[in-house]
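Just below is one structure, and these are the notes that go with it.
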Amino acid sequence: QVQLVESGGGLVQAGGSLRLSCVASGRTFGAYFMAWFRQAPGEEREFVAARRSGFDTYYADSVKDRFTMSGDNAKNTVYLQMNSLKPEDTAVYYCAASRILYARRSSEYDYWGQGTQVTVSS
């Protein structure tokens, strides 16, 4: 069982930055691909980025070059640094965990956090 808790969301102006954090419980943190998804009102949940130690970090095209995902295994924590934010980045951001190699679909993720709201004003 893995429990995930996100933090770091908030309100920011377009062009600004935010850093999200996700703390995972359990001693098997390193065995999972950890991902960020987001969901805007009326939209489907969308893959943002994912990583696992020893594997490449991969991103959605819409955030590549603006967002950076990193991790600290000692703290069981992953981060999402979001720069050059746009109003279309407004969504609830979720942290998720999967054992599937390079998973991108939400159905491939077994564990989810409660989400943190990110609002980007124009």
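The values are calculated or read from the model by the stated rules, or taken from the named source; none is laboratory data. None of these values were measured; they are calculated from a predicted model. All Cβ positions, glycine included, derive from the backbone under ideal geometry; neighbour counts span all protein chains shown. When the accessible area is computed, the model is the full protein with side chains, heavy atoms only, and any ligands, DNA or RNA have been set aside. Shrake-Rupley method; radii C 1.70, N 1.55, O 1.52, S 1.80 Å.
Residue check, F29 against (1) open to solvent by 40 Å² or more (accessible area, probe 1.4 Å); (2) at pLDDT below 95, all met but one. Which one?
Of everything listed in (1) open to solvent by 40 Å² or more (accessible area, probe 1.4 Å); (2) at pLDDT below 95, F29 misses just condition (1).
Step by step: first the residues of the stretch 1-24, then only those that are out of contact with any Lys or Arg (no Cβ under 8 Å at 6 or more places or on another chain) and of a type in the set (A, V, I, L, M), then the one that is modelled with the lowest pLDDT. Which residue is that?
V2
Filtering the stretch 42-64 down to residues that are out of contact with any strand residue (DSSP E or B) (no Cβ under 8 Å at 6 or more places or on another chain) and not small (G, A, S), which residue is surrounded by the fewest Cβ atoms within 10 Å (Cβ to Cβ)?
Restricting to residues being out of contact with any strand residue (DSSP E or B) (no Cβ under 8 Å at 6 or more places or on another chain) and not small (G, A, S), the top hit is D61.
Starting from residues that are open to solvent by 20 Å² or more (accessible area, probe 1.4 Å) and hydrophobic (A, V, I, L, M, F, W, C), keep the ones in the stretch 93-122 and report whichever is nearest to the chain's Cα centre (by Cα).
Out of the qualifying residues, it is W112.
Pull up the stretch 6-22, narrow it to residues that are surrounded by 16 or more Cβ atoms within 10 Å (Cβ to Cβ) and in contact (Cβ under 8 Å) with a residue 60 or more places away in the chain, then point me to the one that is farthest from A49 (Cα to Cα).
Only one residue fits best here, namely V12.
If you scan the stretch 65-77, which residues turn out to be open to solvent by less than 50 Å² (accessible area, probe 1.4 Å), under 19 Å from A24 (Cβ atoms) and of a type outside the set (G, A, S)?
M69, D72, N76, T77
Among the residues of the stretch 78-92 satisfying the criterion of being open to solvent by less than 10 Å² (accessible area, probe 1.4 Å) and free of Cβ contacts under 8 Å to residues at least 60 places away in the same chain, which is nearest to E44 (Cα to Cα)?
In the first step, residues of the stretch 78-92 are kept if they are open to solvent by less than 10 Å² (accessible area, probe 1.4 Å); the result is 78, 80, 82, 85, 89, 91.
Those left that are additionally free of Cβ contacts under 8 Å to residues at least 60 places away in the same chain: 78, 89, 91.
Working: V78: 23, D89: 14, A91: 11 Å.
Selected residue: A91.
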